[in-house]
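Scroll down for the structure; my scribbles are underneath it.
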Amino acid sequence: MLPYVRGMSQRLQFTLDYKDDLEAELKSRVPDMLDYRIKSESLDARKANLGRVPKVHYVVDVISVGETFPVEEESFEKRAPFKKRPIIIGAGPAGLFCALRFAEYGIPTLILERGERAHKRMIHISKYWRKGQLDPDNNVCFGEGGAGLFSDGKLITRIKSPYVQYVMNKFVHFGAPPETAWVSNPHLGSNKIRQLIGKMTDELKEKGHEIRYNAKVTELLFESQEGEEGKKVVGVRLESGEEFSSDHVILATGHSAREMYLHLKEKQVAMKPKDFAVGVRVEHPRELIDKIQYGDFAGPELGAARYRLAWEDSETLKGSYSFCMCPGGYVLSSGTDDDGIVVNGMSNYARNSRWSNAALVVTVKAGEDYPIDDVLGGLHFQHAIENKAYEYSKKHATGKEVPSQPLVSFLKREKASELPKTSCPSGLVSAELREILPEFVSDHLEKALKVFDRRMKGFASDQRGLLLAPETRTSAPVTITRDRQSMVSDSHVGLYPCGEGAGYAGGITSAAVDGIKVCEEILKNL
């Protein structure tokens, strides 16, 4: 393959049947083709279950003899290091990509992560899944890589930003498959993203960034600013008592750092309640979902099938929808509190487990479904559901097993005597999920499931479908408000709320983009 150099190339757009050979097609179109670069690749399997042959849409750049590919690399002008290096709280996608962007300009940062390195987190997580022993700082949500490390590794995003391609290219730079840069709906899988995150942090350290693990920030330090007491950030204090000073603190702690939300409320940092969603994980045998979606075309060539479902109740105007769909994946117990159970989904790069799962959630509206006299009302709403699940599991099992109910039994409003096999490593306890979920959530799920079964025959009526609960951490329960342009906290100078935990992202890619934007705005406003 030729290196990228300045030059010319020909761009082709076309559609092939999913089994057609791309290179043969290109040679038929450009007989003297020397090389090619795929710019975009997306599968269209709509109506495959009705016999329509799945198609693949391509955008490809081609060069012939004497032609070269154009340069596609960004250049960065090195800047002088800050007198006090920026502090980034949290080594998830938002925090790491913020640091990577600073690194492009030659500016070192200090990253403070409450948990361990990615490979060490697995030891603690395994103990939680097998024995119910929770480490509050090393779990599915906390530690290097953040919550995205134990997900499907999906890089899908609906945001429109010039930084999205930068994020994809960076992942490829650190070892992601090359197609990550161009394929529609890319995913890395939990196994691959763990390896990439380690390479990211290693490179950051090589470039002069300091990363401290097991360094939980418990307090933001402020001083008076222009007559306003405690309105300018000057640093942070760790749980150990150690302090670090900075004029720029990037808060990228994720949507589950509940102690930090409580601390921000105490310090009167500007926040507002926001809508989010709660519900269940739904799990089916992968072969069933593949057959429903792809019909007779289901097989290794198309891989594990995805789906996206959504329905709005015309009376309540509440949405019920699928979220974080994991083809060929696993359902994981993902709690961060000793007295709560939460579920989430993940899959590895091959997506080859025997099950497929997705969140099925219902919109929760601030001020309607939970009171907003307390800015953290949404957080308390989430925790109440998680605690109910834990208490149920503790009463009927050991407290680690996930409350579950066959989908058919849920629709019939009856507790099942037997549960189907599952991918969940924590085990299951049979439950009537209406005892755990808020009534309006259960009612909306019941209606939505009947609609979804009409759209995907067998989705809700096959005896092997299973619901696991609760799925409550779909997004942050608050927005930590900031200026739209400068991205500085609305109340505290030098504090930069960032990523999912601040309410400005909804996945790995959008969180990474938000981290980049924060870096760029800090540099712009110096």
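Spelling out what I want: for every residue of the stretch 341-357, take phi, set θ = phi - 60°, compute 6.51 cos²θ - 1.76 cosθ + 1.60 (Karplus), and round to whole Hz; glycine and proline get x.
10, 9, 10, 8, x, 8, 8, 8, 4, 6, 6, 10, 6, 7, 10, 10, 9
Can you compute the modelled spin-label distance between VAL30 and LEU12, with each label point 7 Å from Cα toward Cβ, in nm?
Inter-label distance under the simple model: 0.7 nm.
For LYS318, give me every one of the lysines with a C-alpha distance below 20 angstrom, ignoring sequence neighbours fewer than eight places off in its own chain.
Those lysines meeting the cut-off are LYS274, LYS365, LYS447, LYS450.
Between rounded, prolate and oblate, where does the stretch 224-353 land on the alpha carbon gyration tensor, with a ≥ b ≥ c its root eigenvalues, rounded for a/c under 1.5, else prolate if a/b exceeds b/c?
prolate
Name the long-range amide H neighbours of VAL364: under 5 Å, sequence gap of 5 or more, or other chain; modelled H, no Pro or chain starts.
Amide H to amide H, under 5 Å and 5 or more residues apart or across chains, VAL364 pairs with PHE276, ALA277, VAL278.
Which ³J(HN,Hα) values in Hz, rounded to whole numbers, follow from the phi angles of the stretch 117-134 under the Karplus curve 6.51 cos²θ - 1.76 cosθ + 1.60, where θ = phi - 60° and Gly and Pro get x?
5, 4, 5, 7, 4, 4, 4, 5, 5, 4, 5, 5, 5, 7, 10, x, 8, 8
Cross-link partners among lysines for LYS231, C-alpha distance below 16 Å, same-chain residues fewer than 8 apart left out?
Of all the lysines, those that pass the test against LYS231 - Cα under 16 Å, at least 8 places apart if same chain - are LYS265, LYS267.
Quick one: which residues, 5+ away or cross-chain, put their amide H under 5 Å from the amide H of LEU332? H built at 1.01 Å from N.
Counting only residues 5 or more places away or on other chains, the set is ASN344, GLY345, MET346.
Check cross-link reach from LYS388 to the lysines: straight Cα distance under 18 Å, and skip same-chain residues fewer than eight apart.
In chain and number order, the partners are LYS400, LYS415.
Could you list which residues have their amide H under 5 Å from that of VAL53, counting only those 5 or more apart in sequence or on another chain, with H placed in the peptide plane?
none
Which ³J(HN,Hα) values in Hz, rounded to whole numbers, follow from the phi angles of the stretch 20-30 under the Karplus curve 6.51 cos²θ - 1.76 cosθ + 1.60, where θ = phi - 60° and Gly and Pro get x?
5, 8, 5, 5, 5, 5, 5, 5, 6, 8, 10
Just so you know, all these numbers are worked out from the coordinates, no wet-lab data involved. Quick caveat, the model's predicted, so the values are computed rather than measured. Virtual Cβ from ideal backbone geometry, glycine too; neighbours counted across all protein chains shown.
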